[in-house]
Amino acid sequence: ISIDVGSAETANYTDPKTGILWSPDTILWPQIGDWSTTYTLGPPPSKFADEKQYQSFRYFKPPRKPAGSPNPTKFCYSLPAQANKYYLIRVSFWCSSNLASASTRVGGVLSFHIIIDSYVGPQINVSLPQTIAFVEEYYVQALDGSTSVKLCLSAESDVSDAPFVNSIELRPLVDTLTALKVLKSSNSALWGPFRYDLGAADNSPSIFR
């Protein structure tokens, strides 16, 4: 599944550059607009420039509740999966300088966390204005008895920076990969593997799916 987060599309569409079928997050979870805001922007001036999913994002800063009732700090997508199967999750971030509604408490750096089921990943730190889109990848195993993998974006508190995201992709993996052997022994998600296509032509995409 490929989710174009914050897209204004009302139906699935195919990216003409990559051939990937994308789904707007609003057709999967209609209620998502109740606790987030979308922002439309131009594509990044980089290798991602022609990819439509970088032309919008969603940030999670709901209106403040009455005094004494704290705001939520964790916002989750439920990705359909088969119990005990292995998956690659790819999450992309691109906001340029267009996140005025989020606070940046430390010198223009926007900070928040990704949580996958019970795994808390390394903190995401985005320097503003952002000059290039970047992608985070995780190897995960769906929990026993579960029909989904939950990917959450989390602020540290209700006054912390607003998490944001452009796209979320979930890809099934064969369980013979070397990285999955490490995953099995660690009983946790794996973050940040680098993957290269060393035999590709010079004009091939650097991130392959």
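What to note about this one:
- Residue-wise HN-Hα coupling along the range 27-39, computed from phi with Karplus coefficients 6.51, -1.76, 1.60 (Hz; x: Gly, Pro): 7, 8, 9, x, 7, 5, x, 6, 9, 7, 9, 9, 9
- For the peptides 82-89, 26-33, the ranking by packing is 82-89, 26-33, with the highest mean count of neighbouring Cβ atoms within 10 Å listed first.
- Probe 1.4 Å, all protein chains present, accessible-area order of 38, 73, largest first: 38, 73
The values are calculated or read from the model by the stated rules, or taken from the named source; none is laboratory data. No experiment lies behind these values; they were computed from the predicted model shown. Neighbour counts run over all protein chains shown; Cβ positions are idealised from the backbone, glycine included. Heads up: the accessible areas ignore ligands, DNA and RNA and are worked out on the full protein's heavy atoms, side chains in. Shrake-Rupley method; radii C 1.70, N 1.55, O 1.52, S 1.80 Å.
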